[in-house]
1. Count, please, the residues in region 84-103 that happen to be assigned to a loop (DSSP other than H, G, I, E, B), open to solvent by 20 Å² or more (accessible area, probe 1.4 Å) and away from the ligand (no atom under 16 Å from the Cβ).
2. Does region 322-358 hold any residues that are assigned to a strand (DSSP E or B) and open to solvent by less than 20 Å² (accessible area, probe 1.4 Å), and which are they?
3. Assess whether ALA218 counts as being farther than 30 Å from THR365 by Cα, within 23 Å of the chain's Cα centre (by Cα) and surrounded by 13 or more Cβ atoms within 10 Å (Cβ to Cβ).
4. Cβ-Cβ under 7 Å, sequence separation 6+ or interchain: first residue in region 78-95 and closer than 11 Å to ILE53 by Cβ, partner open to solvent by 90 Å² or more (accessible area, probe 1.4 Å). Which pairs?
5. Consider ALA303 against the criteria (1) among the hydrophobic types (A, V, I, L, M, F, W, C); (2) within 30 Å of LYS38 (Cα to Cα); (3) open to solvent by less than 80 Å² (accessible area, probe 1.4 Å): it satisfies all of them except one. Which criterion is unmet?
6. Suppose we filter VAL198, VAL228, VAL203 for residues that are in a strand (DSSP E or B), surrounded by 14 or more Cβ atoms within 10 Å (Cβ to Cβ) and touching a helix residue (DSSP H, G or I) at 6+ places or on another chain (Cβ under 8 Å); which single one remains?
7. May I ask you to say which residue of SER251, SER269 is over 20 Å from ASP124 (Cα atoms) and surrounded by fewer than 22 Cβ atoms within 10 Å (Cβ to Cβ)?
Amino acid sequence: MKNPNGHEIIQLFEQFSPKGLAMEGDKIGLQIGRLNKKVDRVMIALDVLEHVIDEAIEKNVQLIIAHHPIIYRPLKNLLTDSTQGKMIEKLIKHDIAVYAAHTNLDVAKGGVNDLLAEALGLEDPEVLVPTYEVKLKKLVVFVPSSHAEEIRQVLGNIGAGYIGNYSHCSFSANGTGRFLPGEQTNPYVGKPGRLEEVEEVKVETIVPEPLLKKAITALIKAHPYEEVAYDVYPIENKGEVLGLGRIGKVSEMTLAEFAEKVKTSLGVSSVRVIGDLSFKVKKVAVLGGDGNKYFMNAKFKGADVYVTGDIYYHTAHDAMMEGLNMIDPGHNVEKIMKIGLTKILQKMCQEAGYSVDVFPSEENTDPFQFV
Ligand SMILES: [Zn+2]
């Protein structure tokens, strides 16, 4: 097992939740502290409040990964007798870094919205608000026939060649490779200074851009040649669409029954409901956090009910007039990310052979209580 530093952990994390998925202007990434230090205790939090920082200090945490940025509006000053200043001072004194993954974690596959959709039991969830299209590249590599199968496997295993529900897609054609090894070479086939002809296979496949670097590194490692001949082409094919919120089906029930389901599956004592409680619900849209401005996306996509937080009085009126039912379980249901993300990062660290303890913050950060 390896003792990783903060950079190595964040590099792993960003494979799951790349920064590029964030909405424009969002405040994400490392916000406080440093990553160039040994990290063996990582705490996953929804909000970084003072009692969460105290928990991190008590649990000897070196890195907090939080969903909500600790610094959202630019700081005008840093006064250590103000609440925010005191919090930042505590973090710096205890050398605790804070890294924020906000809208990029909402959009990420397996991120906040997928966790919410899963908790609500949505079948075949699709993206509610598209925000990002994964670009595709064509990767072509020339390989001696003896190694063609291995190269196809290596590329397929890292996720190249996904077309719809098919994986490991590729095309191969046989041909003749020619090369003249220079005097200083140590060729796998042939001799330095002699023109060589080899039966080769041209293997082509499609790679999502975020995986391209990984694919090239893997193919160079698996390829027997000293100098690997490969080409990367830009292509116009439509890639996978990612985005905010999810929409999917549930087994039919009344709005009242579904509201109960929301309470139990998201662990809240009450929800605000807009609409006719006897309405039959089958298609459900969910969007973690404040989803006010996307209620028409839910309506257009045919949702019977839209579950989101922080619903404003006037949005509720607008939705009522549009005939869209809504349920507000509170913004804090995003707390689901604490356990979800802990499991994901634990697994990634284990696979990378990192000796690191990842755990969720146990502090409640919901500011509201119902009396
Ligand atoms: Zn949020």
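1. Step one: filter region 84-103 for residues assigned to a loop (DSSP other than H, G, I, E, B), giving 94-96, 101-102.
Narrowing the set further to residues that are open to solvent by 20 Å² or more (accessible area, probe 1.4 Å) leaves 94-95, 102.
Filter once more, so that each one left must be away from the ligand (no atom under 16 Å from the Cβ): 94-95.
So the answer is 2.
2. Residues of region 322-358 assigned to a strand (DSSP E or B): 325-328, 354, 357-358.
Across region 322-358, the qualifying residues are ASN325, MET326, ILE327, ASP328, VAL358.
3. Numbers: farther than 30 Å from THR365 by Cα: yes; within 23 Å of the chain's Cα centre (by Cα): yes; surrounded by 13 or more Cβ atoms within 10 Å (Cβ to Cβ): yes.
Yes.
4. So the pair list comes out as ILE88/LEU78.
5. Single failed check for ALA303: (2).
6. Details: VAL198 fails: touching a helix residue (DSSP H, G or I) at 6+ places or on another chain (Cβ under 8 Å); VAL228 fails: in a strand (DSSP E or B).
Of the residues listed, the single one that is in a strand (DSSP E or B), surrounded by 14 or more Cβ atoms within 10 Å (Cβ to Cβ) and touching a helix residue (DSSP H, G or I) at 6+ places or on another chain (Cβ under 8 Å) is VAL203.
7. SER269
Each row is one residue, and each column tells you yes or no for (1) open to solvent by less than 30 Å² (accessible area, probe 1.4 Å); (2) part of a loop (DSSP other than H, G, I, E, B); (3) closer than 30 Å to LYS299 by Cβ.
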residue	(1), (2), (3)
LEU128	yes, no, yes
TYR132	no, no, yes
LEU139	yes, no, no
GLU149	no, no, no
GLY161	yes, yes, no
ALA173	no, no, no
GLY177	yes, no, no
PRO181	yes, yes, no
LYS214	no, no, no
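The values are calculated or read from the model by the stated rules, or taken from the named source; none is laboratory data. Everything numeric here is computed off the predicted structure, so don't read it as measured data. So basically every Cβ, Gly included, is an ideal-geometry build from the backbone, and we count neighbours across all protein chains shown. When the accessible area is computed, the model is the full protein with side chains, heavy atoms only, and any ligands, DNA or RNA have been set aside. Shrake-Rupley method; radii C 1.70, N 1.55, O 1.52, S 1.80 Å.
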